[in-house]
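Data first, discussion second: the structure below is written as structure tokens.
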Amino acid sequence: MSTAGPAIRVKDLHKEFLLSHSGIASLKSLVLQWKRPSLEHLHVLRGISFEVAHSECVGIVGRNGAGKSTLLSLMARIYKPTSGSVEISGRVAPLLELGAGFHVDLTGLENIFVNGMILGISRKELEKRLDAIVEFSELYNHIDSPVRTYSSGMNARLGFAIAVHVDADVLLVDEVLAVGDYEFREKCQRKIDDLKAEGRTIVMVSHSGDDVERLSDRCIWLQNGRIEREGDPKEVLEAYVTESTNELASQREEAMTPTNEAECEAGPTS
């Protein structure tokens with residue numbers, strides 16, 4: 001793989017979803033339908049541009065709905081952009097909704113081969129890595145059972161184990177360090193540390209400021225579908241936390257403020 005140019009180039013990226021409100025399930029729905037259009041344009045990303053260098057780890061932070069997961073899904077080719085472009089150099093391993101692509105009627109072993117080949121690994125190479133994948137997942141006694149018998153934690157274990165053993169150049173990580181039990185989360189964190197030390201390019205979305213500050217070389221703060229700030233992780237996180245804290249305090253103050261003069265004069269009731 002050539003290292004000329006950035007590992008990831010995101011240029012003027014826009015993503016818009018079209019939401020339909022035409023379904024009428026009740027009289028209440030019918031009444032509400034008169035008050036809003038049948039189709040709604042939801043602008044999730046509004047002209048995002050940035051680059052990620054080879055071997056760089058970039059953390060993405062922002063509130064729910066800011067566009068973080070949508071951005072990673074566009075980078076993973078799960079969605080197509082409304083406009084703009086995403087260019088990625090090398091093999092990509094998306095650690096997004098772990099296990100979401102498993103076929104429930106296939107065994108864990110069979111899903112390793114299916115998912116590995118989707119990620120671009122030949123059957124011969126997967127056979128070489130099979131023991132390491134099963135060992136990492138710790139699903140020795142369940143690997144020949146259908147995935148429909150797995151818990152969500154078991155699905156996450158297998159999904160993570162596959163993704164980190166395909167020798168990807170770029171890893172897209174969306175909150176996967178928060179899944180599973182404590183010991184497995186610690187194991188995942190150590191593996192991400194190892195991959196970073198090996199020089200893999202990583203883009204991670206996390207609500208954990210500690211993880212972002214510890215792992216990231218640079219941090220991007222998304223707000224309302226735009227880049228609010230980017231740079232040193234500690235500085236960006238401090239600005240993000242301060243803004244979030246101030247807004248929460250403002251919302252609480254508004255909630256406690258009487259809505260009109262009559263409420264102020266009414267006083268306590270007996």
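The values are calculated or read from the model by the stated rules, or taken from the named source; none is laboratory data. All of these numbers come straight from a predicted model, not from anything done at the bench. Because the Cβ atoms are built from the backbone with ideal geometry, glycine has one as well, and the counts that use them run over all protein chains shown.
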Scope region 39-65; condition surrounded by fewer than 18 Cβ atoms within 10 Å (Cβ to Cβ), of a type in the set (A, V, I, L, M) and assigned to a strand (DSSP E or B); matching residues: 39, 42
Some residue of region 157-171 being outside the structural domain of residue 76 (by TED's automatic domain parsing), under 17 Å from residue 72 (Cβ atoms) and out of contact with any Lys or Arg (no Cβ under 9 Å at 6 or more places or on another chain): yes
Residue ID - surrounded by the most Cβ atoms within 10 Å (Cβ to Cβ), chosen from residues in region 71-95 that are out of contact with any strand residue (DSSP E or B) (no Cβ under 6 Å at 6 or more places or on another chain) and farther than 23 Å from residue 233 by Cα: 89
Which listed residue, of 15, 28, 35, 68, is modelled with pLDDT under 95 and surrounded by 15 or more Cβ atoms within 10 Å (Cβ to Cβ): 68
Counted residues, region 206-256 - those being among the small types (Gly, Ala, Ser), touching a strand residue (DSSP E or B) at 6+ places or on another chain (Cβ under 9 Å), farther than 10 Å from residue 59 by Cβ and outside any loop (DSSP other than H, G, I, E, B): 2
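Residue-wise test of (1) under 19 Å from residue 188 (Cα atoms); (2) over 26 Å from the mean Cα position of the chain (by Cα).
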site	(1), (2)
85	no, no
114	no, no
122	no, yes
127	no, yes
140	yes, yes
144	no, yes
